[in-house]
1. Which of the aspartates and glutamates could a cross-linker bridge to Lys59, judged by Cα under 14 Å and excluding same-chain residues fewer than eight apart?
2. Need the full-extension length gain, Asn32 to Asp68, defined as separation in residues times 0.36 nm minus the C-alpha distance. One decimal, nm.
3. Relative to the present Cα-Cα distance, how much length would full extension add between Asp44 and Lys59 at 0.36 nm per residue of separation?
4. Give, rounded to the nearest 20 debye, the magnitude of the charge dipole that segment 2-96 has about its Cα centre when Lys and Arg contribute +1 at Cβ and Asp and Glu contribute -1 at Cβ.
5. Once R0 is set to 30 Å, what does the formula 1/(1 + (r/R0)^6) return for the Cβ-Cβ distance between Lys14 and Leu75, expressed as a FRET efficiency to the nearest 0.05?
6. To two decimal places, what compactness ratio does segment 2-96 give when its Cα radius of gyration is scaled by 2.2 N^0.38 Å?
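None of the figures in this text is laboratory data; all of them are computed from the coordinates on show. Source: prediction; values computed, not measured. Cβ coordinates were reconstructed from backbone atoms using ideal geometry, including for glycine residues, and neighbour counts include every protein chain displayed.
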Amino acid sequence: MFLTICYISNASEKLTDQDIETLLLDAKVFNNQNNISGILIYSDFTFFQVIEGEYNIIKSLFERIEQDYRHYNILKILEIKSEKKEYHKYNTNFITHNKKKANQELLKVIENNQHIFSQKLHNFIVYQSKSLMSIY
């Protein structure tokens, strides 16, 4: 049984650019070693992440994520159990600091990598990205 969790959170104001880069690299290494797939995006003190993998591993990981001091206001958007994985690789290489540019780039990344996402999750993420673009 697999589990997919999607959440958004606010980064601690104390995090530096170097802290963010280290976090993204550490997440990529950990997730690849543990056969966890998904996407992790950071923009303007906001994290957006989708994690997917073996049910117990993802449950345990999300409990640690909820306790992590590097972010707060964690909002779980999605939690889905499934018989197969929807993601085929893990991507943490998306970092930007300009809100409008970030949202435009995020939308481009998502639309250009539609094959990575299930159609339902892809449509949800595109909708959220477009909603964020209208705010900024």
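1. Glu79
2. Details: separation 36, 0.36 × 36 = 12.96 nm, distance 1.97 nm.
Here the answer is 11.0 nm.
3. Numbers: separation 15, 0.36 × 15 = 5.40 nm, distance 2.70 nm.
Gain on stretching Asp44 to Lys59: 2.7 nm.
4. Details: 10 positive and 14 negative charges, 57 e Å.
Using only the charged Cβ atoms, the result is roughly 280 debye.
5. Details: r = 21 Å, r/R0 = 0.69.
Approximately 0.90, to the nearest 0.05.
6. Working: Rg = 12.6 Å, N = 95, 2.2 N^0.38 = 12.4 Å.
Normalised by 2.2 N^0.38 Å, the Cα Rg of segment 2-96 equals 1.01.
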